[in-house]
1. How large is the convex hull of the C-alpha atoms of segment 159-224 per residue, in Å³?
2. Return the carbon/sulfur percentage of the accessible area of segment 171-309, one whole number, probe 1.4 Å, all protein chains in place.
3. Under a crude label model (7 Å from the Cα following the beta-carbon direction), how far is residue 111 from residue 426 in nanometres?
4. According to the Kirkwood expression over distinct Cα-Cα pairs, how big is the hydrodynamic radius of segment 343-392, in Å?
5. Tell me, what HN-Hα J-couplings in whole Hz come from the Karplus equation 6.51 cos²θ - 1.76 cosθ + 1.60 at θ = phi - 60° for each residue of segment 232-242, using x for Gly and Pro?
6. Taking the alpha-carbon centroid of each part, what is the distance from segment 121-165 to segment 391-435 in angstrom?
7. What percentage of the solvent-accessible surface of segment 1-145, computed with a 1.4 Å probe over protein heavy atoms, is contributed by carbon and sulfur atoms?
8. What angle, in degrees between 0 and 90 and rounded to the nearest 10, separates the Cα long axis of helix 286-309 from the longest principal axis of the Cα atoms of the chain?
Amino acid sequence: MMNYNITVAGVGYVGLVTGLALANSGNNVTCCDINEEKIRMLKQGIPPFFEPGLDNLLGSTIMSNLIHFTTDWKSAYSGADIIIIAVSSPSNANGSANLGYIETAMKQIAASISKDCLVVMKSTVPPGTTNALERPLREQVCRRNTSLWVEMASNPEFLAQGTAVYDTIHPSRIVIGCKSDRAESMLKDVYRPFKAPIICMDCASAELTKYASNCFLAVKLSYINEIANICELTGASIHQVTMAMSYDTRIGKEYMKAGIGFGGSCLPKDTRALTYFANEKGYSLQTVQAAVSVNEIQKMKLCYKAEKEIGGFQDKKIAVLGLTFKSGTDDLREAPSLKNISYISSKGGKITAYDPACIDNAKKIVSSNVVLTTDLNKALNMADACFIFTEWDDVRHLKPNDFLKMKKPIVFDGRNLFDSKTMLKNGVLYFSIGN
Ligand code: UGA
């Protein structure tokens, strides 16, 4: 196996975990970021965000001496055999992918490369982006040294937050988009230790695979959420329906949990970006647009139901359990909880919100009227109603009795964590999604 000098641009979820995994498989990895605070923390072995297993992986990899952190992009890029771009590509206001961070990284890379180098696009970008960026990169490098080999490849990432470390070490598949045998064999070398299927294709197909996968997940989830809504109208149970559907291997059991809709940084932005991209090409991507509209309605369904059940939110103490867009992360980007909290507050509700991981992040974005706590009991005590927005383990493990400390034990569960009959038997009025 060849070991390479690899520089990873960007120390977010994807860049950092990828860098650590590649160092652990024997490469000499430099993680480069313009954010000095993050690099300072990483040098001290402190993860800049919460992700299960990341602190141990970071600590052990630092000990191996195969990982380095720097803001000095010039030297980080000039010594690399492979540069992996893993900076974020957030949404522009019109829904298109914002490639600003990628363009900045490309300029720095073009100004620095001083040996043969493969530049790999791991950031999620619209089909055609990698090929379009290659020409100016080559031209600029050639102006300094005509004998250098510079090529770009696409290598999208499929890890999910909350399981980023596991997903990176045990990937479902490695997708490589490239043009030459040289680039393909370098990336196969890099990923061989991960023992996952390696699928090689052209760059545009690799780039589209990423969007197609995330958009498929969004469509699947919005579809299941709509079936859940029909369950509520018919007295059927979404749990039983999805369980029975899952035995059909064409459908499967994964990604079938109905709830308050998807959030996070990836599904929302990638559904928008592919819809925008298709529109630009003159194609209306109706399935994905529908998934996005369903999701927007789904986020608020439970809240409107609660408003009716408890006779409005004015001056009521509302317990909110969980703020992050899923468990296992401190990320609040596009979390369904946020829209609900704003609405409840605007209607005069007095919110006490519990979350075990994101209180520091929440302080920066949630209105100061919302009381934030890491104490479940503080949220539940004497509350007029309780919402569950994230499936944290300590929320999942609550017993019906724990809700009896509320003023009126009435629970609106956006994650379907409990059985309504058991709750009712124990004196808790319980509403969930699709039951
Ligand atoms: C998603 C994809 O799952 C990853 O494969 C992809 O690499 C990543 O985006 C990315 O593009 O970087 P992520 O957004 O981290 O990962 O998390 P998911 O587990 O996909 O959850 C997204 C949302 O769907 C969450 O709000 C989650 O609560 C919700 N969800 C998921 C459900 O409501 N029900 C489910 O059954 C599954």
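The values are calculated or read from the model by the stated rules, or taken from the named source; none is laboratory data. If you're wondering where the values come from, they're calculated on a predicted model, not measured in any experiment. Methodologically, a virtual Cβ is constructed for each residue, glycine included, from the backbone with ideal geometry; neighbour enumeration extends over all protein chains shown. These accessible areas exclude ligands, DNA and RNA; they are computed on the full protein's heavy atoms, side chains included. Shrake-Rupley method; radii C 1.70, N 1.55, O 1.52, S 1.80 Å.
1. 90
2. Carbon plus sulfur share of accessible area: 58 percent.
3. Between residue 111 and residue 426, the simple spin-label model gives 6.1 nm.
4. Taking the inverse mean of 1/r over all distinct Cα pairs, segment 343-392 comes out at 11.5 Å.
5. Rounded to whole hertz, the list is 4, 7, 10, x, 7, 10, 4, 4, 5, 5, 5.
6. The two parts, judged by their Cα centres, are 48 Å apart.
7. Details: 3110 of 5980 Å².
About 52 percent, which is the carbon plus sulfur part of the accessible surface.
8. The answer is roughly 30 degrees.
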